[in-house]
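Contents: one structure, followed by commentary.
The values are calculated or read from the model by the stated rules, or taken from the named source; none is laboratory data. In this text, all values refer to a predicted model and were calculated from it rather than measured experimentally. Please note: Cβ atoms are built from the backbone with ideal geometry, for glycine as well, and neighbour counts cover all protein chains shown. Accessible surface areas use protein heavy atoms only, side chains included; no ligands, DNA or RNA. Shrake-Rupley method; radii C 1.70, N 1.55, O 1.52, S 1.80 Å.
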Amino acid sequence: MMGIRMAGGRRPLWSLTAALVVFTCAMAGTAQATQAGPVDLGTLPGDDASTVLAVNDAGVMVGLSFAGPARRSLPVRWNADGQIMALPTPGGTEGQVRDINNQGVSAGYVLTPTAAVPTRWDADGVPTTLQVPPGYRNGTAAAISDTGVVVGNWTTPDNQYHAVRWDPNGQATDLGALPGETWSMADGISADGSIIVGSGFRTGANQAVRWVNGGPITELEPLGYSSGASRISKPGVAAGVLSETKTGPRIPATWDQNGTRHNLDWPSPHSVWVYQISPTGYAVGTGYAYPPKRQAVLWNPAGDLTILPDDGLGADVEAVDSVGTAVGTFKNQATAWFRNGERRQLGLLPGGNRSQAYRITDSGRVVGTATVGNGKDHAVYWTLG
């Protein structure tokens, strides 16, 4: 049976003493080495803000550089040493890059005067426009596999929103919708490109779906009132939440490569969200285990729950690595939670008062944003020892 370990936050009175004992013992574990950073990744010349959206295992990062009140965005890439370069936007003046694979190839879209155009940039930053057949429009790439398969979404000639897959040669396949329905969305793809996860529509509610080896859309079992599984690990395990009935509680779960569901421990009838799943099966999210504050939570590969220590103040967690180190935000600062129980705030830029952590690699690179003296957000990274 799955269990819960509470390392902070609000608890029932009967468990408070035991939980404090667990937490105190955990904190007595081996201390982690001091991290380096934050390193300010800056902006493109003339811009005033930036953000990181993805990082690969080599530490190469992609994101956006912004300017002006309208927040005009340009896609950018930083090498592992933090040097910025603009990614070209053929036919347009702005765009977004959403993901990068371990070969350094990234995917996103360019905004032209008339449409969004799906785009892939190679490891040198050279752009290639992805296929959009006549009558289709506003293609946006969301994720890319290590094998070069890109997934995203577009608007069909009959004005419906559909998931789409582009193969490594740029040829497009409309991924369709559930039988009798008209809408679908692709959110993520496994590292080998074989499993795509996303959302469909059935009987008036959102449903978690996937596509395997280019096959037809299938709903993740078992069928219930609603579900969502927009997160996927590199090996192809999906993670999300479901409701078995219209008034029933939200249940966090994973679906393995065969599509079999495994519930994650959740002791509360209140809402919960899953934000990321690591290659080894650690998952993180937030939820109201003990309202009114929302807690940051971590599940180990067996589905056991740990509430990350937050001094009863609430916290947000965004990502987790293969050994269960989680990162997010606590008291307006980027924070790491280690499996030995240590919680560490990762620091601020000079003159800034806020930072956030969004992603972590297995090599210990944490990426996010931090404010500078004028209050603007800059992309940053930290390196954990």
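Checking the conditions here, which among A19, A49, A70, A33 is modelled with pLDDT under 95 and crowded, with 17+ Cβ neighbours inside 10 Å?
Values: A49 fails: modelled with pLDDT under 95; A70 fails: crowded, with 17+ Cβ neighbours inside 10 Å; A33 fails: crowded, with 17+ Cβ neighbours inside 10 Å.
Result of the check over A19, A49, A70, A33: A19.
With G312, G281 as the choices, which residue is surrounded by 19 or more Cβ atoms within 10 Å (Cβ to Cβ) and outside any strand (DSSP E or B)?
Unique residue meeting the criteria: G281.
Answer yes if at least one residue in the range 220-229 is surrounded by fewer than 15 Cβ atoms within 10 Å (Cβ to Cβ) and at pLDDT 95 or above, and no otherwise. Please lay out each step first, then the result.
Step one: list which residues in the range 220-229 are surrounded by fewer than 15 Cβ atoms within 10 Å (Cβ to Cβ), which gives 221-223.
Going one step further and asking which of them are at pLDDT 95 or above, we end up with none.
Within the range 220-229, not a single residue is surrounded by fewer than 15 Cβ atoms within 10 Å (Cβ to Cβ) and at pLDDT 95 or above.
So which of G351, G324, G347 ends up being assigned to a loop (DSSP other than H, G, I, E, B), out of contact with any Asp or Glu (no Cβ under 9 Å at 6 or more places or on another chain) and under 20 Å from T254 (Cα atoms)?
Numbers: G351 fails: under 20 Å from T254 (Cα atoms); G347 fails: under 20 Å from T254 (Cα atoms).
Matching residue, one of G351, G324, G347: G324.
Which residue pairs have Cβ atoms under 7 Å apart, sit 6 or more places apart or on different chains, and have a first residue in the range 130-144 that is under 12 Å from V117 (Cα atoms) and a second that is part of a loop (DSSP other than H, G, I, E, B) and open to solvent by 40 Å² or more (accessible area, probe 1.4 Å)?
Listed by first residue and then by second, the contacts come to Q131/Q171; Y136/P157; G139/V132.
Just a yes or no: is a residue in the range 336-349 open to solvent by less than 20 Å² (accessible area, probe 1.4 Å), under 21 Å from the mean Cα position of the chain (by Cα) and at positive phi?
For the range 336-349, residues open to solvent by less than 20 Å² (accessible area, probe 1.4 Å), under 21 Å from the mean Cα position of the chain (by Cα) and at positive phi: absent.
Only strands (runs of 3 or more DSSP E) wholly contained in the range 223-275 count here; list those with 3 or more residues that are in contact with an Asp or Glu (Cβ under 9 Å, 6 or more places away or on another chain). Write out each step before concluding.
Values: elements: 226-232, 238-243, 251-255, 261-263.
The qualifying strands (runs of 3 or more DSSP E) are 226-232, 251-255.
Can you name the residue in the range 233-270 that is among the polar types (S, T, N, Q) and under 20 Å from G204 (Cα atoms) and, of all such residues, is surrounded by the fewest Cβ atoms within 10 Å (Cβ to Cβ)? Don't jump to the end; show me each part of the working.
Here is the first cut: in the range 233-270, the ones among the polar types (S, T, N, Q) are 233, 243, 245, 247, 254, 257-258, 260, 263, 268.
If we keep only those that are under 20 Å from G204 (Cα atoms) too, we end up with 243, 245, 247.
Numbers: S243: 16, T245: 9, T247: 6.
So, considering only residues that are among the polar types (S, T, N, Q) and under 20 Å from G204 (Cα atoms), the one surrounded by the fewest Cβ atoms within 10 Å (Cβ to Cβ) is T247.
Since I217 meets every condition but one in (1) open to solvent by 30 Å² or more (accessible area, probe 1.4 Å); (2) of a type in the set (V, I, T); (3) in contact with a Phe, Trp or Tyr (Cβ under 7 Å, 6 or more places away or on another chain), which condition does it not meet?
With (1) open to solvent by 30 Å² or more (accessible area, probe 1.4 Å); (2) of a type in the set (V, I, T); (3) in contact with a Phe, Trp or Tyr (Cβ under 7 Å, 6 or more places away or on another chain) applied to I217, the lone miss is (1).
For the range 316-335, which residues satisfy the criterion of being open to solvent by 10 Å² or more (accessible area, probe 1.4 Å) and aliphatic (A, V, I, L, M)?
Of everything in the range 316-335, just one residue is open to solvent by 10 Å² or more (accessible area, probe 1.4 Å) and aliphatic (A, V, I, L, M), namely V323.
May I ask you to verify whether D124 is more than 16 Å from V52 (Cα to Cα), acidic (D, E) and open to solvent by 10 Å² or more (accessible area, probe 1.4 Å)? Full working, then the answer.
Working: more than 16 Å from V52 (Cα to Cα): yes; acidic (D, E): yes; open to solvent by 10 Å² or more (accessible area, probe 1.4 Å): yes.
Yes.
Does any residue of the range 321-328 turn out to be within 17 Å of the chain's Cα centre (by Cα) and more than 16 Å from L384 (Cβ to Cβ)? Spell out the reasoning first.
Start the filter on the range 321-328 by keeping residues that are within 17 Å of the chain's Cα centre (by Cα), which leaves 321-322, 324-328.
Cutting the leftovers down to more than 16 Å from L384 (Cβ to Cβ) gives us none.
Within the range 321-328 (the criterion being within 17 Å of the chain's Cα centre (by Cα) and more than 16 Å from L384 (Cβ to Cβ)), the answer is no, since none of the residues qualifies.
List every residue pair whose Cβ atoms lie under 6 Å apart, where the two residues are 6 or more positions apart in sequence or sit on different chains, the first residue falls within the range 196-212 and is in contact (Cβ under 8 Å) with a residue 12 or more places away in the chain, and the second residue, located anywhere, is among the basic types (K, R) and open to solvent by 10 Å² or more (accessible area, probe 1.4 Å).
Taking only residues 6 or more apart or on different chains, the pairs are V197/R210.
Would you mind finding the one in V284, V323, V317 that is farther than 22 Å from D377 by Cα, of a type in the set (A, V, I, L, M) and out of contact with any Lys or Arg (no Cβ under 8 Å at 6 or more places or on another chain)? Step through it out loud before you land on a result.
Details: V323 fails: out of contact with any Lys or Arg (no Cβ under 8 Å at 6 or more places or on another chain); V317 fails: farther than 22 Å from D377 by Cα.
Among V284, V323, V317, only V284 is farther than 22 Å from D377 by Cα, of a type in the set (A, V, I, L, M) and out of contact with any Lys or Arg (no Cβ under 8 Å at 6 or more places or on another chain).
For V151, only one of the following conditions fails: (1) on the phi < 0 side of the Ramachandran plot; (2) at pLDDT 95 or above; (3) open to solvent by 20 Å² or more (accessible area, probe 1.4 Å). What is its number?
Condition not satisfied by V151: (3).
Restricted to the range 165-191, and to residues that are out of contact with any Lys or Arg (no Cβ under 8 Å at 6 or more places or on another chain) and among the hydrophobic types (A, V, I, L, M, F, W, C), which residue is surrounded by the fewest Cβ atoms within 10 Å (Cβ to Cβ)?
Applying the filter and picking the extreme gives W183.
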